1. Give the calculated FRET efficiency between residue 182 and residue 220 to the nearest 0.05, with a Förster radius of 51 Å applied to their Cβ-Cβ distance.
2. Cysteines of the chain lacking any other cysteine beta carbon under 4.7 Å?
3. Taking the alpha-carbon centroid of each part, what is the distance from region 568-636 to region 257-328 in angstrom?
4. Pull up the cross-link candidates among the lysines for residue 69, meaning alpha carbon to alpha carbon under 28 Å and not fewer than 8 places away within one chain.
5. So which of 275/536; 70/290; 550/597; 173/275; 290/550; 275/418 end up more than 32 Å apart by C-alpha?
6. Between residue 519 and residue 403, what length comes free when the chain is fully extended (0.36 nm per residue of separation minus the Cα-Cα distance, one decimal in nm)?
7. How high is the relative contact order of region 161-267? Use alpha-carbon pairs under 8 Å, at least six apart in sequence, and give a whole percent.
8. Whole angstrom only: what separates the Cα centroid of region 332-378 from the Cα centroid of region 463-533?
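What follows is calculated from the coordinates using simple rules that are stated; it is not laboratory data. Because the structure is a prediction, the values reported are computed rather than measured. Methodologically, a virtual Cβ is constructed for each residue, glycine included, from the backbone with ideal geometry; neighbour enumeration extends over all protein chains shown.
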Amino acid sequence: MKDSLQLPLIDDPISTVPVLVPMPVSRAYTYAVPAGMSVQPGSIVQVPLGPRQVAGVVWDGQTDQVDPKKLRPISLVFDCPPIASDMRRFLDWVATYTLSPPGMVVRMALRAPAAFEPEPPTQGLRISDLRPERMTSARARVIEHASDGLSWTRTGLAHAAGVSTSVIDGLIKQGVFETIQIPPQPVVPGPDTAYRPADLSDDQRAAADTLLQSTANARHSVSLIDGVTGSGKTEVYFEAVAQAVDLGRQVLILLPEIALTAAFLERFERRFGCKPAEWHSDIAPRMREKVWRQVATGDVRVVAGARSALFLPFRELGLIVVDEEHDAAYKQEDRVFYNARDMSVVRAHIGRFPVVLASATPSVESQVNADDGKYRHIILPQRYGGAALPDLHLVDMRRDPPAKGGFLSPVLLQAIGKTVEKGEQALLFLNRRGYAPLTLCRVCGFRFQCPDCSSWLVEHRFRNQIQCHHCGHAQRTPEACPECGTLDHLVACGPGVERIAEEVDGHFPDARTIVLSSDMAGGVRRLRLELEAIAKGEADIIVGTQLVAKGHNFPLMTLVGIVDSDLGLSNGDPRAAERTFQLLSQVTGRAGRTGRKSRGLLQTYQPKHPVMQAIVSGDRESFYAREINERERALMPPFGRMAALIISAADRAESQAHARGLRQAAPNVGGIQVLGPAEAPLALIRGRYRYRLLVHGSKQADLQSFVARMIALGPKVRGSVRVQIDIDPQSFV
Ligand code: ADP
Ligand code: ZN
């Protein structure tokens with residue numbers, strides 16, 4: 001009788017915990033905690049998953065009921081500080097908001113697997129009291145260097161003393177050195193907030209004081225520093241950084257183009273006596289691991305990084321600065337679609353600390369929040385040190401057209417000539433890489449298109465290639481038309497930066513002309529060198545893409561010419577006007593930052609366009625007012641909400657059918673409409689056919705629930721079909 005009552009043995013309870021693994025899983029799995037192991041929410045652990053062992057994070061909440069026979073134990077707990085509870089709530093929030101699997105969001109926080117265990121100490125040498133029997137000059141040099149009593153690595157000491165390592169080995173043998181363990185070194189020393197505080201102008205002081213009032217306490221607040229280019233926004237927010245560091249908090253400074261902002265790191269060093277830790281995709285793996293680990297342990301106090309730095313495991317984050325907050329680079333459009341600016345505000349809200357946004361051309365969203373009093377609005381109306389903003393003029397290309405075959409108006413060419421004569425620098429801006437965006441056959445009209453994308457192949461003359469800018473497909477520039485076979489009748493249509501540089505060379509053969517774009521041979525390192533060279537005056541004319549628009553200070557630059565101001569206006573993006581305004585303001589803002597008189601010339605075929613008018617009149621206010629008004633009428637963000645679904649498949653019909661199925665599954669909810677499906681403007685990328693659905697609702701609409709229901713009720717994702725969800729889309733291609 002007794003045997004039929006199989007009660008669980010209560011004196012042997014199996015404790016279980018939820019563990020979130022970094023995979024596209026929608027919830028945490030349940031694991032057993034073996035006897036003697038101790039874990040807490042946030043602990044980073046290793047667990048078996050199918051045949052593999054993977055890292056995961058012990059999560060919050062209840063565990064599922066699991067058949068005890070299937071329950072598997074946690075393999076080990078890493079010797080790593082647990083992911084803080086603020087951070088876990090943030091990761092949950094991001095998953096819910098972006099409709100991403102929580103596992104994929106956690107994956108972004110676990111990007112440095114080797115950092116879950118402490119870094120091993122390195123072998124070091126320290127001098128003992130013994131001296132060698134026979135002294136040589138090499139040995140003497142070594143001993144002299146090592147007499148500082150500090151520990152050295154074997155190769156470090158050899159290098160410092162200018163001897164070979166065999167000299168060191170000889171001395172070790174004779175007991176002159178003892179080996180010791182050197183603990184891991186911090187990637188950067190702690191910032192010294194009293195190192196060299198800036199001498200702020202009255203305007204800047206007032207701005208900093210206002211800022212410090214809102215950032216002084218551990219409360220959530222958002223401040224928008226809205227200051228013209230060169231007004232010293234950086235100096236002002238450095239005050240808040242210093243304050244947070246003094247309060248014992250960690251600080252994150254987000255920058256849109258960190259790989260190129262060596263200048264920023266140096267500036268930080270001048271102010272705080274050391275560089276901040278860097279975090280972006282170009283950091284060497286070993287370094288990434290060190291930074292991740294030291295952010296988690298709290299050894300790193302300040303990080304300057306790209307958007308992904310938001311997912312570093314800070315333990316006591318107390319301030320986020322988002323520089324150039326309007327920049328589109330803050331939006332990630334891959335796997336988890338998120339906007340790092342918006343998520344910074346959320347992160348700070350959860351962690352109850354301040355956020356500082358900075359821009360010379362705030363996003364319409366931030367501007368509206370400032371107008372509504374949700375954000376504290378801190379305005380810096382003037383450039384620092386009495387430097388004047390450049391004088392901006394439109395060049396009406398219908399009245400002053402370029403010579404045949406050229407793209408630069410005589411007005412602009414003349415201005416370049418004068419600038420170079422004075423020993424100053426000119427920047428020509430064109431947001432297009434390569435030589436020409438399209439190549440066609442003059443005989444039969446054939447156009448070179450990417451085999452896998454719906455886009456033209458861009459000629460890169462320096463490399464003698466035509467390339468697709470979407471998938472990287474590249475081929476040698478052909479001599480004959482593949483369609484009609486005619487030789488030497490291919491023509492390049494339209495300009496890219498290389499072609500502008502060629503035109504400039506033709507007019508100014510003695511000037512030193514540099515082309516700057518992200519695809520230059522030599523990569524980021526080369527770019528950094530080129531940027532330094534420009535800052536030192538080692539170039540006369542710079543032809544560049546938007547790389548040069550961001551954050552650089554070029555003291556000699558007094559002329560900025562915009563080759564095609566209209567370029568971004570006609571792409572069907574609801575933010576086209578805002579974007580163009582921001583970009584043109586940023587680029588022209590590169591001129592005259594150190595007080596020299598400067599000019600900006602904007603070539604346009606639409607001189608009456610409101611964006612052009614706003615730029616030259618300097619009447620930013622009415623541009624924003626108009627833009628805000630239009631958005632409000634059309635219920636566009638921030639007055640309404642949008643979500644995009646991007647459906648793609650290897651087969652066009654499959655993609656379209658799936659998109660239609662989703663559309664039909666859309667629930668009927670007042671205040672929310674679904675537009676589409678429509679073939680995406682970029683209908684084919686990497687061999688995948690793309691359709692888009694746009695969900696548009698009022699500000700109060702719960703778009704996430706709506707989209708989640710569409711997906712749940714819609715057709716099952718099968719075959720090559722993929723559906724991407726983009727809440728608050730920035731891009732519509
Ligand atoms: P913004 O970010 O607003 O465009 P920056 O912070 O880059 O402006 O400042 C522009 C230039 O003026 C920089 O070279 C900076 O070093 C200098 N500058 C700004 N404020 C000060 C100050 N208080 N003291 C010394 N230099 C300053
Ligand atoms: Zn392609």
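1. Details: r = 41 Å, r/R0 = 0.81.
It comes out at approximately 0.80.
2. Here 80, 274, 471, 493 come out as lacking a disulfide-compatible partner, given the Cβ-Cβ threshold of under 4.7 Å.
3. 31 Å
4. 2
5. Details: 275/536 21 Å; 70/290 37 Å; 550/597 21 Å; 173/275 39 Å; 290/550 28 Å; 275/418 39 Å.
Violating the 32 Å limit, Cα to Cα: 70/290; 173/275; 275/418.
6. On the way: separation 116, 0.36 × 116 = 41.76 nm, distance 2.88 nm.
That works out to 38.9 nm of additional length.
7. Details: 38 pairs, mean separation 25.1, N = 107.
Contact order relative to length: 23 percent.
8. 37 Å
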